[in-house]
Structure formats: C-alpha cells, structure tokens
Amino acid sequence: MDIKKIISEMTLEEKASMCSGQDFWHTQAVERLGIPAIMVSDGPHGLRKQDEGGDNLGVNDSIKAVCFPAACATSSSFDRELLAKMGAALGDECQHEGVAVLLGPAVNIKRSPLCGRNFEYVSEDPYLASQMAGSLIKGVQSKKVGTSIKHFAVNNQEYRRMTTDSQVDERAFREIYLAAFEGAIKEGEPWTVMCSYNKINGVYGSENKTTLTDILRDEWGFDGLVMSDWGAVNDRVAGVAAGLDLEMPPSFGENDKLVLEAVKSGKLPEEVLDRLVERILKLVEKYESSKAPDTAWDMDADHELARETEAECAVLLKNEDRILPIPNDGTIAFIGKYAKKPRFQGGGSSHINCHKTESALEAAADPKYGIKAKIIYAQGYDDKDDVVDEGMIAEAVQAAMKADKAVIFAGLPDSFESEGYDRKHMSMPGCQLKLIDEVVKVQPNTVVVLHNGSPMEMPWLDKVPGVLEMYLGGQAVGGATIELLFGRKNPSGHLAETFPLKYEDNPSYLFFPGKKDVAEYREGIYVGYRYYDKKNMPVMFPFGFGLSYTEFEYHDMRLSSKSFTEGEELTVTATVKNIGKVRGKAVAQLYVRAPQDGTDRAIRELKGFVKTELNPGESKTVSFTIDSRAFALWDTEVHKWVVEDGEYVIEIGESSRDIKASAAVAVAGTGKRPVRFSYTTPMADIFRFPECKALVEPLLEGYILGSDADGESAAEAISTEMQEAMLADLPLKALLSFGGGKVTNQMLWDVVDAMNALEIEA
Ligand code: BGC
C-alpha cells in the first residue's frame, strides 16, 4: 500500500470520514481507493466478536468463544510466559475470526477495592501491571494481530466514568498511574492505545495533548494509533489536534463534519488530518499484510489452556494444619451455588459467550481428574438476591455434618461488581456470611473457595482453616479448582493487590469516588502496599502474598556491586530451595527500599520478580537485573526521572511483608538539577552551598540571635546549637524583621540574584 500516494488522492471529505469508524466495530473503508475496513473486538480475556447488534456493555450476543481467567486472576500468576501463551492463543482466535485488534489489556491501577472494573485490571502496583500487560500484548501480537492497551489514563473508577475529572498530582501520575502504561507500551509495543473516558487533571482523555502526544508519542516513542474508548469523544476537533486518531463508535458523521469544517476554515491544519489518516492506513496495512484467516481455532484446546492458566493463578490464602490438599477419599461436602455454577467472569464489555463451562462439581465427577472421594452437594444460597434462605442453610449444615470435610464456594455475585458501576461496600453477601457461620459451627474442617474480582472483607477468616482464592478464573475454573483442592497441582499464585482488613483502611477511602465530577487522588503515591507499609498497618493479606503446599528457603543473596551509579545495571542473585515434600513454584520478588530521610518515598517498591519451579530438595539461582529506573523518582521541579543519592536496600521476599534476604547498595545519581533561590528560601537550603553562604553571611551581622545576642543571659537562654537549628528553617526574607534593621529588601533581592547567577546544580 503506497500510503502517501493514497492520501494525496483522497478528497478532504474522504479523509475526514476516516476519523471515525464505519460501524461499532470497523474502521472506515474507502472502496474507491481500495482501502478495506478492519475489525476490532473486545478483549481482554477472550474474544467478544459481535456479528451484528454492536454494544459496548456485553448486552447483545457475541460469537461463541473461550473465556480465559480475567486479569485479576492472571496477574496473580506473576508469570510472564503464561500471559504470553494465553495472548498467543487469543491472537490465533483473532486471526481465525478476522479481527485485527483485540481491545485490551486494561491496565488501570487498582486504586480502590471498590472500583467495579478491578476484575479486569491488573494490579495496585505499576511494575507488575506493566509486566503482565506487556507480556499479554507480546503474546497476542506474536500472531500478527494488534492490541489496544486501555484506558489511557487514570480511569480508576466506574462512578461517572464518562465525566469525572481524575485530579492526580504529578508524582503519583508519573510513578503510579502512567508507569503501568509506560512499561507495558515500551515492553510490548501495542499496535494501538485506547484513551479513557474521564478527564485527566481537567482535560478529557480524548483531547488531552499532554497524555496523547507529549507523553505517549514524544516521550515514550509510541508510533501506533490512538482510538477513543467507546463514546469518549467530546470535542472532536480538539481531539484530532491533541492526537486522538480514531473515534469509536462513529457518531453518524456528526463529528467528522466538524473536522471537515475545521480544516476548511483553517482552524485545523490539513497536515494534522493527513497524519491521522496515515496512522489509520498504517494499521489497516499492518493487519491486511499479515492476516491469516486459515488459522485454526481449537476451542477445546483453548479450554484446556484456560484451565492450565487458572491453576497457575489461584492464590492459597490460608492453610492451617495443612487442611489442603484434601485427601482423595471419604466424603466431602461441596457447599454453595458457585460449586455448580461458578462465577468466573465479570460483566460488561469483556463478557464472553462461552463455548462451554466447567464447574467444580462437574470436574469432580469427570474421570479424568480421578476423584475417588464421595462428593455431596448443597446449594446453600442463591446469588440473585441477597436473602438468607434458612432451608438452604439447614440443608448445607446437614451435608457438612455428614462429610469429613466441607468446601464452601463463595464470593461476589455479578450484581456486586461489574463494568459500569462501582461496589458500594467491601462485604460479601449476607446470605453467604450466614452460611459460612452455620457450616463452621458443625464442621471445623472447612475450606472456603472464593470467586470474586477484587478483595472482600472476611469476618469469618479466623473460623476456617483453609482459603483458596480462585478470583474470576475463566470458563475452566472448576477443573482448576479440583486440581488444586486435591493436590493434583500446587497453588503458586501471589496477590497482585493488598487485601485490607476493612474498607476504611484503604488509602483512597476518604476521597473515593469523589463528589460529582471530581475525583481527587489525595493519597498521592501511597497506593496499595505503598500506603499500608508506610503506615505499618496490619492488613488481611499483603501484596505479593501466596502460600504453597511446599515451602521455600532463600539464601546466598548477592549483588553484582555494592555501589551503583545512575546509568548502570545491577544484577541481584539469590538461591531458592524447595524445603518441602512436593514440587512447587516460588515467586521471588525484588523490592527496592529507598532512603526514608528526605523526599517522600514508599518503604519499598516492587522492581522485579521471577517465578521458578523446584522439585523437593532442589535449589535454583534466581537472577534479576535492575537499572536506574528502579531507584528513580519523578522530580516535580525538573519534571524528569531523577535518581537521588543514598544508601538503598535491595530486598528479596515472598510478599511485601515477608522479606527473606536483603543487601545494601550505595547509589549515586548523576542527574543534577538546577537549584533556584528565592526571597523565601530557608537558610538550610542556602548554607548547603558555601558560595551562597558566603553571600548571605554579611547580612547576618545584625541577626537578633547573632552578634547582638552574645551576652551571658542570652547564651544561657539559647545555645549555639539551638541558634543554628532555628536559623536553618528561617527564610531569607526573615532578615528584614530579625536583622537588626541592617537589611533592606534591595539587599535581599540582590543576594537572591547573585545566588541564582551562580547557576548551581545539585
Ligand atoms: C469499555 C472498553 C471497551 C469498549 C468496547 C467501553 O465501554 O470501557 O473497555 O473496549 O467499551 O466495548
């Protein structure tokens, strides 16, 4: 395709028509010039291809497809290869179905446990989010179809998502919210990016030049296409100018008309429109030149992959007295509706029309899993309405009494969490709470299996010995649950988010979801474990936590060097040993602890992870390589990543609260920043530089605690150390009042100018 030539042959009207799709899921074709339409479909954990009756909320039917575990689950795998493998399967599905771009992954940070769409998002941590999303992107795109990382940016709630203004400070924006996108975009190079509905610090995501052009393209080097979220366009002309290429779905020509008029009137330069058309044509060409509709799609094979994937994701949260795995004999009561009809995906645009599903009850009866134990079942509750059904509970209690052990399948119903609205609270349904209470009264050997998209309060936690978090585990969740419960597989998932004890503990609690159309992110950089760790608060389950049927030991931690200078790389190694009796996978997590004495820093931040499988008694070396970014913070004075000098600590742990080994490294930053002085700069900041101190000292002669206050009683009242300490915080301008009348404004202004003229960098 000679793109430049095609553009030169296009009429202005044709070019403007390319600014939006042809229908809900296709780009605009221009038959006269041989430009075909290409199709995009949701995403992210399955293919939601709609033939007709397009909608963005999963209301109308889509083709039969395979529902893989949702991101809440897959992120817990801490397994990049697993995500790439799942992505490759999705890529094949897209090729088979003629879909050019899969709309995902969704990488918005889990700021509050109540965000209705957390099940689709990856983590509260930007590094983990970027790694898992980047791997999925690479997997899908290895099949030569595109992805659309979304929703760019700071779309962390559903409440008023189309109008709210996410107001976030510069450091949190860069270090937390944008970093998740930045890493995934640089690592995965997605073909497209989808902008968010909300405003970002006052400007809609769909017309935000700062995010769409200055940061995304100029800073990060993204060269693909940006599309709108479905219906996210407000001022289309401003959007074109800001860097939004494609409006989806189309607004029936209305906004294209505005673009046309703007170009005709000279308000919008034609080159800007040409560049937009060029990006769309490049995307069309990219897909057209590599489309492979003959690609096979074996749904049954993908179902198996979905189950294998889920088995790597589930998180063993509690296992007292090794209640799990369950011995494969005796009688086991499966209690709870989700044993028969699991909740395995969330509602909204990611909702898959599954080709088949597999419940735990079905799997337990399937000879392929070899379950010999007798399984009896009681429904226990209905998740349609949250009403306690005493009859069902009595039945469940009977079943629990008859059995050697009980497994309660519980979690959150569809009505509690979905795209389109946020959760109202962090509780489980009352009917399930009552069920758990009654069952544990008669059966102490009870395990709770959870199906939910985000953390819940667990008032019953102390009463049950075992908890297995399956999250929303995809259509094959039942098989994976059986494999894990009976020890066919060993749980190896670790939490990608903190489970607080109660909702009020969450750092966004006071400000979420904001008032009317303003959401203030007042907790700043202290999101998730960064907050709980800084405040040393107890949590229910910390970030990175996950048990196994075996145990691991860490030793011989080594750094490639005891010092690090900005621009270098540092290699960290440690030996992990499986000290238990069964094979299992360890998730070694690398955290960096910045000095806590100056700038606001989290106690520790995740900067690396490795998942590795070990036989009993086996040891392996895990290795991590980190660079300057692992130590850097976003400096709001110079608007850059800066590495501050100091002694940092590298930690290796099994969660953010379970550090197994650590080693110090002396870090030297080279990124000097210009130092500016003003009328109000405190003396301490001036005295750091001897050349400045020399300039200010003559003005101190008449300082009230200085030369005039050297009498005996003054010396008794105030020591030299005290004087120095007081002087440290004194702004320069205070010499006007405390300089004994010897200092004038002009002298102060002159000294400020003289100090700035030194052009000091530090
Ligand atoms: C969602 C997107 C989705 C799009 C198309 C929107 O409502 O926010 O994530 O890709 O619809 O269905």
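State which residue is nearest to the chain's Cα centre (by Cα) when the search covers only segment 646-677 and only residues that are surrounded by 14 or more Cβ atoms within 10 Å (Cβ to Cβ) and part of a loop (DSSP other than H, G, I, E, B).
Taking the candidates together, the pick is SER656.
Among the residues of segment 189-246, write down those that are more than 13 Å from the ligand (Cβ to nearest atom), in a loop (DSSP other than H, G, I, E, B) and surrounded by 23 or more Cβ atoms within 10 Å (Cβ to Cβ).
Filtering segment 189-246 for residues more than 13 Å from the ligand (Cβ to nearest atom) gives 189-191, 199-204, 207-226, 234-245.
So of that shortlist, the ones also in a loop (DSSP other than H, G, I, E, B) come out as 189-191, 201-202, 208, 220-224, 234-235, 243-245.
Listed by number, the residues that qualify are PRO190, TRP191, ASN208, PHE222, GLY224, GLY243, LEU244, ASP245.
Taking the options VAL30, VAL99, VAL107, VAL40, name whichever one is within 18 Å of the chain's Cα centre (by Cα), aliphatic (A, V, I, L, M), within 21 Å of LEU246 (Cα to Cα) and at pLDDT 95 or above.
Working: VAL30 fails: within 18 Å of the chain's Cα centre (by Cα); VAL99 fails: within 18 Å of the chain's Cα centre (by Cα); VAL40 fails: within 18 Å of the chain's Cα centre (by Cα).
Exactly one residue qualifies, and that residue is VAL107.
Got a number for residues in segment 357-391 being within 36 Å of the chain's Cα centre (by Cα) and either part of a loop (DSSP other than H, G, I, E, B) or without any contact (Cβ under 8 Å) to a residue 40 or more places away in the chain (or both)? Please lay out each step first, then the result.
Just the residues of segment 357-391 that are within 36 Å of the chain's Cα centre (by Cα), to begin with: 357-364, 369, 379-388.
Next, from what is left, pick out any that are either part of a loop (DSSP other than H, G, I, E, B) or without any contact (Cβ under 8 Å) to a residue 40 or more places away in the chain (or both): 357-359, 379-388.
Counting residues in segment 357-391 that are within 36 Å of the chain's Cα centre (by Cα) and either part of a loop (DSSP other than H, G, I, E, B) or without any contact (Cβ under 8 Å) to a residue 40 or more places away in the chain (or both) gives 13.
For ALA184, indicate whether it is part of a helix (DSSP H, G or I), within 16 Å of the ligand (Cβ to nearest atom) and either polar (S, T, N, Q) or closer than 30 Å to HIS425 by Cβ (or both).
On the way: part of a helix (DSSP H, G or I): yes; within 16 Å of the ligand (Cβ to nearest atom): yes; either polar (S, T, N, Q) or closer than 30 Å to HIS425 by Cβ (or both): no.
Against the criterion (part of a helix (DSSP H, G or I), within 16 Å of the ligand (Cβ to nearest atom) and either polar (S, T, N, Q) or closer than 30 Å to HIS425 by Cβ (or both)), ALA184 does not qualify.
Can you name the residue in segment 16-48 that is more than 18 Å from GLU97 (Cα to Cα) and among the hydroxyl-bearing types (Ser, Thr, Tyr) and is also nearest to the ligand (Cβ to nearest atom) among such residues?
Taking segment 16-48 as the starting set, the residues that turn out to be more than 18 Å from GLU97 (Cα to Cα) are 16-22, 28-35.
The next check asks that each one be among the hydroxyl-bearing types (Ser, Thr, Tyr); those that pass are 17, 20.
Working: SER17: 21, SER20: 14 Å.
Going through the qualifying residues, I end up with SER20.
Checking ALA89 against (1) farther than 24 Å from ASP294 by Cα; (2) more than 16 Å from the ligand (Cβ to nearest atom), only one condition comes out false. Which one?
Of the numbered conditions (1) farther than 24 Å from ASP294 by Cα; (2) more than 16 Å from the ligand (Cβ to nearest atom), the odd one out for ALA89 is (1).
Kindly establish whether GLU312 is of a type in the set (Asp, Glu) and over 31 Å from the mean Cα position of the chain (by Cα). Spell out the reasoning first.
Working: of a type in the set (Asp, Glu): yes; over 31 Å from the mean Cα position of the chain (by Cα): no.
Judged against the criteria, GLU312 is not a match.
Being exposed (fewer than 15 other Cβ atoms within 10 Å of the Cβ) and of a type in the set (Asp, Glu) narrows it down to one of GLU358, GLU320, so name that one.
After applying the criteria, what remains is GLU320.
Just one of (1) in contact with a strand residue (DSSP E or B) (Cβ under 7 Å, 6 or more places away or on another chain); (2) surrounded by fewer than 18 Cβ atoms within 10 Å (Cβ to Cβ) trips up GLU271, so point out which.
Result: GLU271 passes all but (1).
Within segment 429-442, identify whether any single residue is under 29 Å from MET86 (Cβ atoms) and surrounded by 22 or more Cβ atoms within 10 Å (Cβ to Cβ), and answer yes or no.
No, that holds for no residue.
Can you work out which of the residues in segment 121-157 that are in a loop (DSSP other than H, G, I, E, B) and within 16 Å of the ligand (Cβ to nearest atom) is farthest from the chain's Cα centre (by Cα)?
Residues of segment 121-157 that are in a loop (DSSP other than H, G, I, E, B), as a first pass: 121-125, 142-145, 153-157.
Narrowing the set further to residues that are within 16 Å of the ligand (Cβ to nearest atom) leaves 121-122, 145, 153-157.
On the way: TYR121: 6, VAL122: 4, VAL145: 23, ALA153: 11, VAL154: 11, ASN155: 11, ASN156: 10, GLN157: 13 Å.
Per the criteria, the residue is VAL145.
Quick check on my filter: what residues within segment 506-525 are touching a helix residue (DSSP H, G or I) at 6+ places or on another chain (Cβ under 8 Å) and surrounded by fewer than 20 Cβ atoms within 10 Å (Cβ to Cβ)?
TYR509, GLY524
Within segment 398-409, which residues are over 25 Å from GLY479 (Cα atoms) and of a type outside the set (S, T, N, Q)? Spell out how you get there, then give the answer.
Just the residues of segment 398-409 that are over 25 Å from GLY479 (Cα atoms), to begin with: 398, 401.
Result: MET401, single match.
Out of ASP61, ASP51, which single residue is more than 22 Å from ALA292 (Cα to Cα), within 16 Å of the ligand (Cβ to nearest atom), surrounded by fewer than 23 Cβ atoms within 10 Å (Cβ to Cβ) and not hydrophobic (A, V, I, L, M, F, W, C)? Don't jump to the end; show me each part of the working.
Working: ASP51 fails: more than 22 Å from ALA292 (Cα to Cα).
Matching residue, one of ASP61, ASP51: ASP61.
Could you grab me the full set of residues in segment 92-119 that are within 16 Å of the ligand (Cβ to nearest atom) and among the hydrophobic types (A, V, I, L, M, F, W, C)?
Hits for segment 92-119 are CYS94, VAL99, ALA100, VAL101, LEU102, LEU103, ALA106, VAL107, ILE109, CYS115, PHE119.
The values are calculated or read from the model by the stated rules, or taken from the named source; none is laboratory data. In this text the structure is predicted, and so the values were computed from the model without any measurement. All Cβ positions, even for glycine, are placed from backbone atoms using ideal geometry, and neighbour counts span all protein chains on display.
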